[in-house]
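Nothing in this text is a laboratory measurement; each read-out follows from the coordinates by a stated rule. Please read all numbers here as calculations on a predicted model, not as lab measurements. Cβ sites come from the backbone with ideal geometry, for glycine too, and all protein chains shown count toward neighbours.
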Amino acid sequence: MKIGIVGLGRMGAAMSERSRSQGFEVVGWDLNADANEKLAADGLPIAANACAVAAESEIIISSITEDHGVRRIFSGAEGFLQADVNGKLFIEMSTLQPMTGREMSPLVEARGARLIEAPVLGTIPQVRAGTLFAMVGGRTEDLVRACVVLDKMTRRILGPHGTGYAMKLAANVGLGAYVQAIAESLALGMRQGLALQQMVDALQESATACGWLKSKAGVLLGEAAEMTLDIRTLRKDIMSAVATGAITGVPMPLSAGTLASLSAAIDGDYGSGDIAELPKFFREAMLQSF
């Protein structure tokens, strides 16, 4: 079976590597020429555009940064739907607004193809281990067909179109709030004379300790570590969550505050940093002087 992967950033590149290690033939493409060049050097065949990926592949995975990019990849002049996609299956793995998933599905089905959404919880280590948690939205029969690929990378839940994206946004709302809470906790304690190491150690023993805190303790202490999720991407997800809340009548004051902090970090040139660097920015740029 030949799999197409469009979007060769950190996650897409890792999914390409995982898929090839599991015996699949893979072809890829990214809008970023540097990403294409890097993966080509690692032996991944690179197509001319998204349309060519769809034409060459039986199952097509997309992992794109944001909603407009996904719309362009599907419906643009060189997008998936410009190819003959009759009978093909698309697995859309980006983090999007639920309404985008509900919008894309009928466009795909009008061309004789099928679409499931499968945004994931987990990052690069989970891709490599095949233990991502996929929040799938779509038809059960399409999930059954997708399992030949997803079983090598994920675990999953299933609901109608839009529910997968909704679950991913709900999860990232909690992640954003948690990172902001850690930023405020560390800033408050350090202003009271506590040492950073002392606080990070203590927080790992607290009631709110979690796997994320343990995995990011080194970054919180200023050490280098492999990037998992950058601040700019988390801001995009929180913006999508706030927008979805506004459309559906859900007030989100906590997320709005988190969004303000993330936006300030991007303005302070922290956008490409790991989200665990937000507390450092918060202490450096957002505390009041007395």
Quiz item: Pairing the Cα long axis of helix 98-109 with the longest principal axis of the chain, what angle in degrees results, from 0 to 90 and rounded to the nearest 10?
Solution: 10 degrees
Quiz prompt | Rg and Dmax of the chain, Cα atoms only, in Å | solution = 20.0, 66
Practice problem: Only Cα pairs under 8 Å and at least 6 apart count here; give the relative contact order of the range 2-160 as a rounded whole percent. | Solution: 20 percent
Quiz item: Among all the lysines, which ones have a C-alpha under 25 Å from Lys38's C-alpha, if same-chain residues fewer than 8 places away are not counted?
Solution: Lys2, Lys152
Self-check item: Theoretical gain in end-to-end length, Glu223 to Asp201 [0.36 nm per residue, Cα-Cα removed]
Solution: 6.4 nm
Quiz prompt | Cβ charges +1 (Lys, Arg) and -1 (Asp, Glu), total dipole of the chain, debye | solution = 540 debye
Quiz prompt | Structure-based [θ]222 nm, the chain - -39500 (n - 2.57) summed over DSSP H runs of at least 4, per residue, nearest 500 | solution = -16000 deg cm²/dmol
Practice problem: Work out the charge dipole of the chain with +1 on the Cβ of Lys and Arg and -1 on the Cβ of Asp and Glu about the Cα centre, then indicate which of Leu229, Ile61, Leu143 is farthest towards its positive end. | Solution: Leu143
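Pairs of Cα atoms under 8 Å, at least six residues apart: use those to get the relative contact order of the range 143-284, whole percent.
Details: 114 pairs, mean separation 46.2, N = 142.
The normalised contact order for the range 143-284 reaches 33 percent.
Please list 87-98, 134-145, 115-126, 185-196 highest first by mean number of surrounding beta-carbon atoms within 10 Å per residue.
Numbers: 87-98: 24.4, 134-145: 18.9, 115-126: 21.9, 185-196: 13.8.
My ranking of the peptides, most packed first, is 87-98, 115-126, 134-145, 185-196.
What ranking, highest mean first, results for peptides 56-69, 246-259 when packing means the other Cβ atoms within 10 Å averaged over each residue? Walk me through the numbers on the way to the answer.
Working: 56-69: 20.6, 246-259: 13.9.
Per-residue Cβ counts within 10 Å, averaged per peptide and sorted highest first, yield 56-69, 246-259.
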Quiz item: When the label point is put 7 Å from the Cα of Ala181 along its Cα-to-beta-carbon vector, which residues of the range 191-215 have a backbone N closer than 19 Å?
Solution: 199-215
Quiz prompt | Between the range 219-290 and the range 89-147, the Cα center-to-center distance that results, in Å | solution = 26 Å
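Hey, which of these cross-link pairs are over 23 Å Cα-Cα: Lys216/Lys280; Lys216/Lys236; Lys214/Lys236? Provide the component values of the computation, followed by the final result.
Details: Lys216/Lys280 13 Å; Lys216/Lys236 21 Å; Lys214/Lys236 25 Å.
Violating the 23 Å limit, Cα to Cα: Lys214/Lys236.
Can you bin the range 2-160 into rounded, prolate or oblate? Criterion: square roots of the alpha carbon gyration tensor eigenvalues sorted a ≥ b ≥ c, rounded for a/c under 1.5, prolate for a/b above b/c, oblate for the rest. Write out the running numbers ahead of the final one.
Values: a/c = 1.43, a/b = 1.07, b/c = 1.33.
Note, shape of the range 2-160 comes out rounded.
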